[in-house]
Amino acid sequence: MKHKAIFLDRDGVLNHVVLKNGKPYPPASVNALTIPADVKTALETLKAAGFLLIGATNQPDVARGTTEKATVEAINSHLLSELPLDEIRVCYHDDADNCECRKPSPGLLTQAARELGIDLTNSVMIGDRWKDIEAGQNAGCKAIWLDNQYQEKKPLRPDFIATNLTQAAEWIIDKYQQ
């Protein structure tokens, strides 16, 4: 039997971003990391409903030399210790690397599906940027956009639009209840 999963972008979904001129950026350290108040409960609800919970995050600042890989890993470790996540998968590449794991390419999701026995057609990607939504759609998942009012390109045709993870979890539970 294949698993169903919720793939979650990190910055802007699992934790707050740092906004600069309407654009989102990751926190610079574990000390700068803050988790929205509803995230843990929403994830516990999804976990109780039988979903694997997998972070899927682009972290191109490592390739760009502006963030240390150890910083990204420390933030991920902290999130894994605070939240009921099964794992966090990371793409450290920049656009020029042309890899298959950098969202909007679906590689982070399809690799997890192969390794963990996930049915992508019964899984959902939750993200706050157009690349997250396209990655989910490219993998064959439903896609939920968390609209955080960024001043940037909007995703096309997400399956649902929410303003927080609780709304997203409620939609998922309603849609996937047996």
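Exceedance of the 26 Å cut-off in Cα-Cα distance is limited, within the set 69/175; 154/175; 103/153; 2/154, to 69/175; 2/154. Projecting the Cα atoms of 150, 140, 5 onto the charge dipole of the chain (Cβ charges, centred on the Cα centre) puts 140 farthest toward the positive pole.
Farthest towards the positive end of the charge dipole of segment 4-176, among the residues 53, 130, 17, is the Cα of 130, using unit charges on the Cβ of Lys, Arg, Asp and Glu.
About its Cα centre, how strong a charge dipole does segment 29-178 have in debye, to the nearest 20, once Lys and Arg get +1 and Asp and Glu get -1 at the Cβ?
Numbers: 15 positive and 22 negative charges, 50 e Å.
It comes to approximately 240 debye.
By the rule of a second cysteine Cβ within less than 4.7 angstrom, the chain holds isolated cysteines at 99, 141. Build a GNM of the chain with springs between Cα atoms under 10 Å apart, and of 48, 139, 162 the one that fluctuates most is 48.
Report the relative contact order of segment 4-176, percent, no decimals, based on alpha-carbon pairs under 8 angstrom and at least 6 residues apart.
Numbers: 333 pairs, mean separation 42.1, N = 173.
After rounding, I find 24 percent.
What residues from segment 104-144 fall in the zone where the backbone N is under 17 Å from a label point 7 Å along the Cα-to-C-beta line of residue 167? From segment 104-144, the list is 125-130, 133, 143-144. Residue by residue, segment 109-122 carries 3J(HN,Hα) couplings of 6, 5, 5, 4, 4, 5, 6, 10, x, 9, 8, 5, 6, 10 Hz when phi is fed to the Karplus relation 6.51 cos²θ - 1.76 cosθ + 1.60 (θ = phi - 60°); x denotes Gly or Pro.
Annotation: Cα Rg of segment 98-178 relative to the compact-globule expectation 2.2 N^0.38 Å equals 1.08.
Can you check what the net charge comes to around residue 5, using other residues whose Cβ is under 14 Å from the Cβ of residue 5 (Lys, Arg +1; Asp, Glu -1)? Mind dumping the intermediate values first?
Values: positive: 2, 4, 47, 89, 114, 142; negative: 9, 86, 87, 115, 119.
My count for the surroundings of residue 5 gives +1.
Please rank 86, 132, 147, fewest neighbouring Cβ atoms within 10 Å first, as an exposure proxy. Walk me through the intermediate numbers first.
Details: 86 16, 132 29, 147 13.
Ranking 86, 132, 147 by Cβ neighbours within 10 Å, fewest first, gives 147, 86, 132.
Considering only 33, 85, 156, the mean-square fluctuation computed in a Gaussian network model of the chain, springs between alpha carbons under 10 angstrom, is largest for 156. Model label points for residue 152 and residue 19, set 7 angstrom from Cα along the Cα-to-Cβ axis, are 1.4 nm apart.
With contacts taken as Cα pairs under 8 Å and at least 6 residues apart, segment 34-88 reaches a relative contact order of 46 percent. Between residue 119 and residue 30, the simple spin-label model (points 7 angstrom out along Cα→Cβ) gives 3.8 nm. Exposure proxy shown here: for 7, 51, the number of other Cβ atoms within 10 Å sets the order, fewest to most, as 51, 7. Treating each Cα of the chain as an identical point scatterer and summing with the Debye formula, the log10 of I(q)/I(0) at q = 0.15 Å⁻¹ comes to -0.80. If a spin label sat at a point 7 angstrom from the Cα of residue 80 along the line to its beta carbon, the backbone N atoms of segment 98-118 nearer than 16 Å would be those of 112, 116.
The numbers here are math on the coordinates, done by the rules we state, and not lab data. Treat the numbers as computed from the prediction; the structure is a model and nothing was measured. As a convention, Cβ positions derive from the backbone with ideal geometry for all residues, glycine included, and neighbour counts pool all protein chains shown.
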